Amino acid sequence: MIDVQRLRILRAVAEHGSFNKAAGALLLTPSAVSQHIAALERSLGHPVAVRSTRGVTLTEPGRLLVEAAETVSAEIDRVRHEIDRVTAERPRLTVATFVSGGRRLLPGALAGFVAAHPEVELTVLEAEPEEAVPMVRAGAADLALTYHFDGPLPLRPEVALDWLPLMEDPLALVLPPGHRLAGRESADLAELASDRWVLGCLKTEAYLRRYAERAGFGLRVAASTTDYFFARSLVEAGVGVALIPRIALPSGDGDRTGSSAADGVSVVPVEPPCPARHIGLLSPRRRRPHPYAAALAGALAGAVRR
């Protein structure tokens, strides 16, 4: 077997034209260089270099070995860089998101981000606002796609957090097939005082109960869930009516706005003042922006615009 180190020494001899000069370049003694070349010739069974008063001349086998040495050296360097790359600690980015935002907004942004930054070790965590805020505050998440309703996010002034607003997400009435208000351009919540409600979120329930109390009627609850997608399925099954944010509805439901489709739910806007979720990005305030968090924030803003 041909020793790679001896190939490197032969290559230096060919480059410098002398055992002595090659030894100086390799920080070896001339005797060590001579011994390595002799050992290479023995393993090959042919002479590779001929000394003369004019220096060192390579034999044909020697020239072939030097050509191979260049290829081998380049390949070893490439593999070494690849090893350094795969063993180096990868940059990390942890993103928290609420469910409907993670389902409708985040994937479009992540597709471009992952393609542009394959070096990043990305982690996505599901978290509602009350969980996302302490996660960002404690450094467990670098970025949170989150929201708030009419009240502000629970941000303590002594903890520096930044809020980047992305969009308003209005809540709409979702009605079962054949409902009396299906097909309306808009409706007042008081018109559904006699209906039974499917609740898809504790925050929506709190809003509905406050509204019902002000309007003078009792909220009749048919089902209570923590999943808007499940709530919508219950409405379609005829269990009751619901108040659901727009992005928590399947994209096809947008085509049903104001329609009285008999084969699916009907989505009817709420008359002003219409309740809405304020969706945005929460991040820790830094002296120097986190480059990957900033890149994902830009991608999310683009996804929302689209």
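The values are calculated or read from the model by the stated rules, or taken from the named source; none is laboratory data. What you see is a predicted model, and the numbers here were worked out from it, not measured in a lab. In this analysis, Cβ positions are derived from the backbone assuming ideal geometry, glycine residues included, and neighbour counts consider all displayed protein chains. Heavy atoms of the whole protein, side chains included, go into the accessibility calculation; ligands, DNA and RNA do not. Shrake-Rupley method; radii C 1.70, N 1.55, O 1.52, S 1.80 Å.
Among residues of region 40-58 that are over 18 Å from ALA23 (Cβ atoms), those with a Cβ under 9 angstrom from a residue that is exposed (fewer than 11 other Cβ atoms within 10 Å of the Cβ), sequence gap 6+ or separate chain, pair up as SER43/MET1; HIS46/GLU60. Residues in region 17-34 that are within 13 Å of GLY55 (Cα to Cα) and out of contact with any Asp or Glu (no Cβ under 8 Å at 6 or more places or on another chain): GLY17, SER18, PHE19, ASN20, LYS21. The set of residues in region 191-202 being open to solvent by 50 Å² or more (accessible area, probe 1.4 Å) and assigned to a helix (DSSP H, G or I) consists of GLU191, LEU202. In region 38-138, counting only helices (runs of 4 or more DSSP H) that sit wholly within it, the ones holding 1 or more residues that are farther than 30 Å from ILE247 by Cα, open to solvent by 30 Å² or more (accessible area, probe 1.4 Å) and hydrophobic (A, V, I, L, M, F, W, C) span 60-87. Applying the set (1) open to solvent by 30 Å² or more (accessible area, probe 1.4 Å); (2) modelled with pLDDT under 85 to LEU234 leaves exactly one unmet item: (2). Just the residues that are assigned to a helix (DSSP H, G or I) and of a type in the set (Gly, Ala, Ser), please, taken from region 203-256. Answer for region 203-256, where residues must be assigned to a helix (DSSP H, G or I) and of a type in the set (Gly, Ala, Ser): ALA206, ALA212, ALA215, ALA231, SER233, ALA248, SER251, GLY252, GLY254.
Of all residues in region 17-37, those that are within 18 Å of GLY62 (Cα to Cα) and assigned to a loop (DSSP other than H, G, I, E, B) total 2. The residue that is farthest from VAL4 (Cα to Cα), counting only those in region 16-25 that are within 54 Å of the chain's Cα centre (by Cα) and surrounded by fewer than 17 Cβ atoms within 10 Å (Cβ to Cβ), is GLY24. Of the residues making up region 82-104, those that are among the hydrophobic types (A, V, I, L, M, F, W, C) and modelled with pLDDT of 90 or more are LEU93, VAL95, ALA96, PHE98, VAL99. Residues that are in contact (Cβ under 8 Å) with a residue 60 or more places away in the chain and of a type in the set (A, V, I, L, M, F, W, C) within region 267-297 comprise VAL267, VAL268, VAL270, CYS274, ALA276, ILE279, LEU281, LEU282, ALA293, ALA295, LEU296, ALA297, listed in sequence order.
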